[in-house]
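Comments concern the structure below.
Only the coordinates and a few stated rules stand behind these numbers; no lab work does. This structure is a prediction, so every number in the text was calculated from the model and none was measured. All Cβ positions, even for glycine, are placed from backbone atoms using ideal geometry, and neighbour counts span all protein chains on display.
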């Protein structure tokens, strides 16, 4: 039959696994003490009676539950297989028999301890994830058999390091989207395919007509349009030199400059600085007849398909407002434009673009990388995407 090698306590006769230093009743177990070399143990046992500490401890096999009795051990069987009792040779003295048994026990226990210290568990295969987690919860130091609290990196008694497989055994998430910091994109506007989600589980995600996030039906998306990647646990978006750029939804106000592009409703606008002086006389001294001129610091021009310019307006003061009605530049036919949508303001020589709590938001074209937060919106081509990030 197959058996396990263990120690029976001399006081209460309880079974203890090999390597235990103390029985649950408090009795010290001799075999749990540091093991002497096999030769020294044999010599000591042959020359003198065993120490009193060994008198009541008995090295006993224990039947393994669910394993039927079998014949002699199979060739190549490891720990856990049947162990044949040592048979003394004729004429062998009692001391020699005791020394022979001690040598066999020490040899077996040394091999078992070496197996545990090398692999973290006895022979018989790799532990499952659940077994590793249970081991982490009830971990006992392999050097001094001291219980180590969960999440500690070192034994508090001998200082031995906790093995990495024990340290990394933690409760798993149901899905990758529960992992803190991981993100996904929700398609808000996409020609009949709204609601699709794209999980961002890799380190980088190329968006374009080619790549990981592909939009082959959008003619405004470049082959390699943008890249969404993680840096220091944060999601970052970067334009990859696309023709139409990446637009990010403004939160409150953002500083802009001459030449910047922004979206409001379905309109694309370009910001321009103050116009160059051109009101001088012609070479013959004649002035060109025009409407009265007002002092201005900036103007906004509508950009049409193909790159041409549409409506343009120059600020008469420090603020220029855009909307469906009542502003400096109005688009009554744009159903996605709010009545008061956004404004551009000059404050001490700095231009600030501010969304006026519009329904669909105001988007500015990114000129560099930008770190994204949960709830951010991106326009890539004609696709509107919302960023959702699992909080830390």
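Subtracting the Cα-Cα distance from 0.36 nm times the residue separation, let me have the gained length for residue 276 to residue 240 in nm, one decimal. Provide the component values of the computation, followed by the final result.
Details: separation 36, 0.36 × 36 = 12.96 nm, distance 3.33 nm.
Computed gain between residue 276 and residue 240 is 9.6 nm.
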Just to be sure I understand the model, the point goes 7 Å from the Cα along the line to the Cβ. What's the resulting residue 295 to residue 254 distance in nm? 3.1 nm
Sort 14, 365 so that the residue with the fewest other Cβ atoms within 10 Å of its own Cβ comes first and the one with the most comes last. 14, 365
Rounded to the nearest 0.05, what FRET efficiency do residue 347 and residue 212 give with R0 = 56 Å and r taken as the Cβ-Cβ distance? Could you check? 0.85
Pairwise label distance in nanometres, residue 199 with residue 319, each label 7 Å out on the Cα-Cβ vector: 4.8 nm
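With Kirkwood's inverse mean 1/r over C-alpha pairs for Rh, give me the Rg to Rh ratio of segment 253-305, two decimals please.
Over the Cα atoms of segment 253-305, Rg/Rh equals 1.13.
Where does each of 379-387, 179-187 land if you order them by average Cβ count within 10 Å, highest first?
Numbers: 379-387: 21.3, 179-187: 16.6.
Result, highest mean Cβ count within 10 Å first: 379-387, 179-187.
Using 0.36 nm per residue of separation minus the Cα-Cα distance, give me the extension gain between residue 374 and residue 287 in nm, one decimal. Write out the running numbers ahead of the final one.
Numbers: separation 87, 0.36 × 87 = 31.32 nm, distance 5.71 nm.
Extra length available between residue 374 and residue 287 comes to 25.6 nm.
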Can you sort 331, 229 from fewest to most other Cβ atoms within 10 Å of each residue's own Cβ? 229, 331
Theoretical FRET efficiency, 1/(1+(r/R0)^6), r = Cβ-Cβ of residue 304 and residue 189, R0 25 Å, to 0.05: 0.75
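Can you sort 144, 9 by how many other beta carbons sit within 10 Å, fewest first? Before the final figure, lay out the partial values.
Values: 144 14, 9 21.
Least crowded to most crowded, the residues run 144, 9.
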Please state the Cα pair-distance histogram of segment 215-320 with 5 angstrom bins from zero: what percent is in each bin? 2, 8, 13, 16, 17, 13, 9, 8, 5, 4, 2, 1, 1, 0
Unit Cα scatterers, Debye sum, segment 259-392: log10 I(q)/I(0) for q = 0.13, 0.18 Å⁻¹: -0.66, -1.10
Suppose R0 equals 25 Å; then what is the FRET efficiency for residue 160 and residue 12 from their Cβ-Cβ distance, rounded to the nearest 0.05? 0.25
